[in-house]
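Step one of this worksheet: look at the structure below.
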Amino acid sequence: MAEIRIENLKYKYPYTDRLALNGITCQIKPGEFIGVVGSNGAGKSTLSQALTGLVPNFYRGTYGGKVWIDETEVRTVEVDELCQKVGSIFQKPFNQITGSKATVYEEVAFGLENFGLSETEMKERIEESLELLDIAQYRDRAPFDLSGGQMQRLAIASIIAMRPEVIILDEPTSQLDPQGSEAVFQAIEKLSQQGITVIMVEHKIEKIAAYSDRVMLMHDGKLIDFDTPQTIFSRDDLDQYGVMPPTFTQICRALGLTLSDGQTYPVTLEEARQLLAMEGGSYEPH
Ligand SMILES: Nc1ncnc2c1ncn2[C@@H]1O[C@H](COP(=O)(O)OP(=O)(O)OP(=O)(O)O)[C@@H](O)[C@H]1O
Ligand SMILES: [Mg+2]
């Protein structure tokens, strides 16, 4: 169970003159499922890397402020030391496959080799994560013979098997079909229900709206807003930040549905259905 605290985080990549992160402050509670949205270049991946310690310990550059994972200040520890506690999945799954393992099963086992686990526990964790990501049927296949989506799920399974306390996913479903994306979101939701803190960067707004407890809205290195999906996606200035609200929210707005004070627009199908039902029996789809 890990809490994250970010205090006035500022960061500039080497040889650039612009802040990729510009004064980010927030707190994330253990077990929260956090969605991160914002246009290209907003700083979402950079923020993810700041939570793994790769920013600044690998990328270097100019860094200010602090990031804490429980009592550990991220910058002061080796990246290797932190990675048992903070698991991350990057934008490109291809880069996360070792390339040295003959099978999917061995690929997941590889990450666990330094954990000092008994053979039974190791087997149990591998089976569990292969099942969770629905790739158990490929266990004997060569990792590079998988499709992009299957490989993406393998990268996630390898991280999950390590049972990190925090899991950071940067566009983990970019290669997945709708069913595959749904499976990944459901698997990650299960982890968050078990107390794992989840930070997920995603452009798939409907999914972020449905699964996140809170959403970070980023733009130009700044954290513009950090609130419930309903509050974030009810903002009427979202397009200024290159973010489209969920279709359900757009439909309710386009229908001119009025909200009472403090009420937010629906962000999921179920919420939209409830609001439309409340607006009176006169609503009939054609
Ligand atoms: N390795 C790097 N070296 C120099 N500048 C970088 C590097 N990586 C990112 N940047 C710059 O930092 C800023 C934030 O980039 P970042 O990759 O964090 O955005 P993002 O929100 O993840 O965008 P996307 O949606 O395209 O993935 C951008 O201006 C980008 O050009
Ligand atoms: Mg990115």
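Each reported figure results from applying straightforward, stated rules to the coordinates on display, with no laboratory input. Remember, predicted model here, so these are calculated numbers, not experimental data. Glycine gets a Cβ as well: all are built from the backbone with ideal geometry, and neighbour counts include every protein chain shown.
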Under Stokes-Einstein, the chain at 10 °C and 1.306 mPa s, with its Kirkwood radius over C-alpha pairs, diffuses with a coefficient in µm²/s of 79
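At most 16 other Cβ atoms within 10 Å and a DSSP loop assignment: could you name the chymotrypsin sites (Phe, Trp or Tyr not before Pro) in the range 12-84 that fit? Each step should come with its number before you reach the end.
Numbers: sites: Y15, F33, F58, Y59, Y63, W68; in loops: Y15, F58, Y59.
Of the chymotrypsin sites (Phe, Trp or Tyr not before Pro), the ones in loops of the range 12-84 whose Cβ has at most 16 other Cβ atoms within 10 Å are Y15, F58, Y59.
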Loop-resident trypsin sites (Lys or Arg not before Pro) in the range 188-254 with no more than 10 other Cβ atoms inside 10 Å, DSSP not H/G/I/E/B, are none
P(r) over all Cα-Cα pairs of the range 90-156, 5 Å bins from 0 to the longest distance, whole percent per bin, short to long, reads 3, 19, 31, 25, 16, 5, 1
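For the range 93-216, report the % of Cα-Cα distances exceeding 20 Å. Intermediate values should be presented prior to the final figure.
Details: 3099 of 7626 pairs.
Cα-Cα pairs in the range 93-216 separated by more than 20 Å: 41 percent.
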Percent antiparallel among DSSP beta bridges confined to the chain, rounded to 5, stands at 55
Taking max minus min of the Cα coordinates of the range 29-167 on each principal axis, largest first, gives extents in Å of 46, 35, 29
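Would you calculate, for the chain, the mean residue ellipticity at 222 nm contributed by helices, counting each DSSP H stretch of 4 or more residues as -39,500 (n - 2.57) and dividing by all residues, to the nearest 500? Mind showing how you got there, number by number?
Details: 11 runs with 99 residues, N = 286.
That comes out to -10000 deg cm²/dmol.
Quick one: net charge around I4, please, counting Lys, Arg +1 and Asp, Glu -1 for every other residue with C-beta under 14 Å from its C-beta.
Numbers: positive: R5, K29, K66, R75, K85, R214; negative: E3, E7, E32, D70, E71, E73, E165, D213.
Every neighbour counted, the sum reads -2.
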Using alpha-carbon coordinates alone, the radius of gyration and Dmax of the range 134-286 in Å work out to 18.2, 57
Helix 269-278: inclination vs the chain longest Cα principal axis, degrees, rounded to 10, gives 20
In Å, the Kirkwood estimate of hydrodynamic radius for the range 9-95 over Cα pairs equals 13.8
Percent of all Cα-Cα pairs per 5 Å bin for the range 161-212, counting from 0 up to the last occupied bin, reads 4, 20, 34, 25, 13, 3
Y105 neighbourhood, Cβ < 11 Å, K/R = +1, D/E = -1, net charge 0
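Order by neighbour count: M216, M1, M122, fewest other Cβ atoms within 10 Å first, most last. Display every interim value, and only then the final one.
Numbers: M216 24, M1 12, M122 17.
If I rank by nearby Cβ atoms, fewest first, I get M1, M122, M216.
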